[in-house]
1. What is the gain in length, in nm to one decimal, between Leu130 and Val189 on full extension, counting 0.36 nm per residue of separation less the C-alpha to C-alpha distance?
2. How much length, in nm to one decimal, is gained on full extension between Glu152 and Asp166, taken as 0.36 nm per residue of separation minus their Cα-Cα distance?
3. Sticking with the crude label model, points 7 Å out along Cα→Cβ, report the distance from His107 to Arg70 in nm, one decimal please.
4. For segment 137-195, state which trypsin sites (Lys or Arg not before Pro) are in a DSSP loop and have at most 12 other beta carbons lying within 10 Å of their beta carbon.
5. Taking 0.36 nm per residue of separation and subtracting the Cα-Cα distance, what length does fully extending Gln98 through Ser22 add?
6. At a Förster radius of 22 Å, what calculated FRET efficiency corresponds to the Cβ-Cβ distance of Asp144 and Thr203, to the nearest 0.05?
7. Please sort by residue number the chymotrypsin sites (Phe, Trp or Tyr not before Pro) in segment 23-99 whose DSSP state is loop and whose Cβ has at most 12 other Cβ atoms within 10 Å.
8. Can you give me the relative contact order of segment 3-154 as a percent, contacts being Cα pairs under 8 Å and 6 or more apart?
Amino acid sequence: MDPIEAIRNARPEALELMPPLSAPEIASLETELGHPLPDDLRVLLGHTAAIDGAPFELDFTGRTMDYEGRDLFPVGVPIAHDGAGNFWVVDANPDEPQAAPVFFACHDAPVVLYQSDDVGDFLHEVFRKLEPGQTSSVDDVHEDRLFHVWRENPGALDHAAALAGDAELRAFAAGLDDRFTFVDLRRPVVGMGFSWGRHGPRTELRRHGYERLFAYAPPERKPGLLRRLFGN
């Protein structure tokens with residue numbers, strides 16, 4: 001969905017749009033980020049840089065969002081947060097310039113979930129929360145799906161299964177050892193995801209370039225002092 005259309009279809013009395021960025025300001029933001037923005041996010045910034053009055057804080061520049069997740073989203077732009085340390089991130093990809101999907105990055109439970117196909121769809125679902133009696137996929141992801149993914153670990157592939165996958169998945173798995181569990185989010189539905197903190201704060205995380213193929217593993221065990229001293 002076009003993000004401007006999503007804003008226009010929302011309840012205007014509930015929202016306060018902040019001033020847009022000029023073309024030079026958008027170019028400066030891209031320089032600051034170190035990568036180009038998806039076209040739909042660039043268009044949105046030319047309409048408004050942020051919105052007050054939404055159920056979540058929305059800052060389309062990402063500048064007020066204290067999120068660091070470069071292992072998972074190497075050129076991601078956090079555009080929303082819930083005030084509890086959880087963020088929605090535009091998974092920008094230089095190979096897909098028109099639009100980029102939005103992921104929900106949560107710390108409790110420590111999971112990442114697919115939220116929306118693009119920024120416009122995300123905003124549409126956010127603004128549905130302002131309408132009495134309406135349901136929103138944002139609620140489904142934010143309140144329910146994260147615990148299902150944390151408990152059930154759906155769609156996880158072990159190393160052998162990943163090596164038996166298609167060419168991209170095989171190439172990814174071939175560069176990692178059998179400690180790793182793999183998740184394929186190239187064709188996801190809302191609420192699909194994985195537990196980025198499955199093995200605690202030292203969980204090792206990998207991504208296959210800009211492909212939405214992810215892997216995680218427990219930290220590699222290092223030999224103890226006696227083994228290092230005596231070699232066995």
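Read-outs: derived from the displayed coordinates by stated rules, not from any lab. All figures in this text were calculated on a predicted structure; none of them were measured in a lab. Ideal geometry is used to build each Cβ from the backbone, glycine not excepted, and the neighbour counts take in all protein chains shown.
1. 18.9 nm
2. Extra length available between Glu152 and Asp166 comes to 2.6 nm.
3. In this crude spin-label approximation the distance works out to 1.9 nm.
4. Listed in order of number, the matching sites are Arg186.
5. Additional length available on full extension: 25.4 nm.
6. 0.45
7. none
8. Over segment 3-154, the number comes to 21 percent.
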